[in-house]
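For reference, the structure is listed below as structure tokens.
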Amino acid sequence: MIRVDWRVARSAADADRVQADVLPDAIAAASGAGSRRVAVSSRLADVRRHGVAAVTRLPAGPLTFRGQGVVVPTQDLKRALQERGRGLAAQVVVLPFPAPEPLYDWDDTRAVVDVNERYHLEARPRVLAAADWERGQGLTRLLPLVRDVLHREGELVLLGALPHRERIAPLVAHLGLSEHVVLLPRVSPREAAGLLHGADVLVQAEDDGYPYWLGWAAAAGLPAVALDTPAAREASGHAALVVEATRVEAFPAAVTEALTNVNVRERQIARGRTASAPARLSHVANQWARFLEPAIG
């Protein structure tokens, strides 16, 4: 059994924290008998001997690495990382960002009912939104959706935004949208599955490190709209409708298309489900176990 000590930096992206939550136990379960320990860090710097770095975004500072390998979730991030540290070319490995098993249970209505009751979700259409709530840039693209797309009848659910309530709530109230905007805390994998299976579309409103919610939406069979970045295309399995960064005013039209165009929705769902298959947590955990074996030999 491989026991993983997964360390995240103080400034870790939300995606790094999610990996730290879901992967260690899954890797231990996938690695079989015995008991060996290995350290994984979400930072490239300060990786100790026999350590492995797992990154979901490029570090802001100079690139340093002193471990056994670097794991990234996309080919695009691998290329960018190798350009910054050419000596890492043979050490950078792409392993998919894990999608929890409940996401693939498309008929689990109990999870949908539970999450609707817990967070008092009632209105339709329901748009889930993922963004970096500390920066707040995504809000300028999201809040107009309530007026222009949902027509003040549906719900805009801000994933993981509750810790930033003091800053977001006054703006929402000022715009008269309090009855239509819901701020959620970080949620468990099962809650995430219930939210994704019970929603109508997911919107990734800005470039926020690795957009894992797009991958999870693909696994759950939920259509999505995203700011056009290589990571967004890769995470969604090239299924999401994308909006160019220079044309953010096109977000409402793209979300409307994803909500109302049956052919577009069916293509997104089929393509996303196919592309997300390798990201299933049990499969990714097996890949991690094989990758870590040489590091702890």
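The values are calculated or read from the model by the stated rules, or taken from the named source; none is laboratory data. Bear in mind that the values here come from a model prediction, so they are computed numbers and not experimental data. Heads up, the Cβs are rebuilt from the backbone with ideal geometry, glycines too, and the neighbour counts pull from every protein chain shown.
The set of residues in segment 212-250 that are assigned to a helix (DSSP H, G or I), among the hydrophobic types (A, V, I, L, M, F, W, C) and over 22 Å from ASP107 (Cα atoms) comprises ALA231, ALA232, ALA235, ALA245, VAL248, ALA250. Set side by side, the residues ALA277, ALA258, ALA253 differ, and just one is buried (at least 17 other Cβ atoms within 10 Å of the Cβ), in a helix (DSSP H, G or I) and among the small types (Gly, Ala, Ser), which is ALA258.
Yes or no, residue by residue, for (1) closer than 22 Å to GLU191 by Cα; (2) touching a Gly at 6+ places or on another chain (Cβ under 8 Å); (3) assigned to a loop (DSSP other than H, G, I, E, B):
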| residue | (1), (2), (3) |
| --- | --- |
| SER11 | no, no, yes |
| VAL22 | yes, no, no |
| ARG37 | no, no, no |
| ALA53 | no, yes, no |
| GLY67 | no, yes, yes |
| ASP107 | yes, no, yes |
| ASP114 | yes, yes, no |
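Within the span defined as segment 241-250, one or more residues are without any contact (Cβ under 8 Å) to a residue 12 or more places away in the chain, out of contact with any helix residue (DSSP H, G or I) (no Cβ under 7 Å at 6 or more places or on another chain) and of a type in the set (Gly, Ala, Ser). Scanning segment 133-172 for residues that are of a type in the set (D, E, K, R) and closer than 19 Å to LEU196 by Cα yields a single hit, GLU155.
Conditions (1) β-branched (Val, Ile, Thr); (2) in a helix (DSSP H, G or I); (3) outside the structural domain of ALA20 (by TED's automatic domain parsing), marked per residue:
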site	(1), (2), (3)
THR140	yes, yes, yes
GLU153	no, no, yes
GLY176	no, no, yes
LEU195	no, yes, yes
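Rundown of residues vs (1) of a type in the set (S, T, N, Q); (2) surrounded by fewer than 17 Cβ atoms within 10 Å (Cβ to Cβ); (3) over 24 Å from PRO102 (Cα atoms), yes/no style:
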site	(1), (2), (3)
VAL146	no, no, yes
GLU155	no, no, no
HIS164	no, yes, yes
ALA173	no, yes, yes
SER188	yes, yes, no
GLY194	no, no, no
GLN204	yes, no, no
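Matching residues to (1) buried (at least 19 other Cβ atoms within 10 Å of the Cβ); (2) in contact with an Asp or Glu (Cβ under 9 Å, 6 or more places away or on another chain); (3) closer than 15 Å to ALA54 by Cβ:
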| position | (1), (2), (3) |
| --- | --- |
| THR74 | yes, yes, yes |
| ARG79 | no, no, no |
| GLU83 | no, no, no |
| ARG86 | no, no, no |
| VAL93 | no, no, yes |
| PHE97 | yes, no, yes |
| PRO102 | yes, yes, no |
| TRP106 | no, no, no |
| THR109 | no, no, no |
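It is to be established whether one or more residues within segment 76-88 are in contact with a strand residue (DSSP E or B) (Cβ under 8 Å, 6 or more places away or on another chain) and not assigned by TED's automatic domain parsing to the domain that holds ALA26. No.
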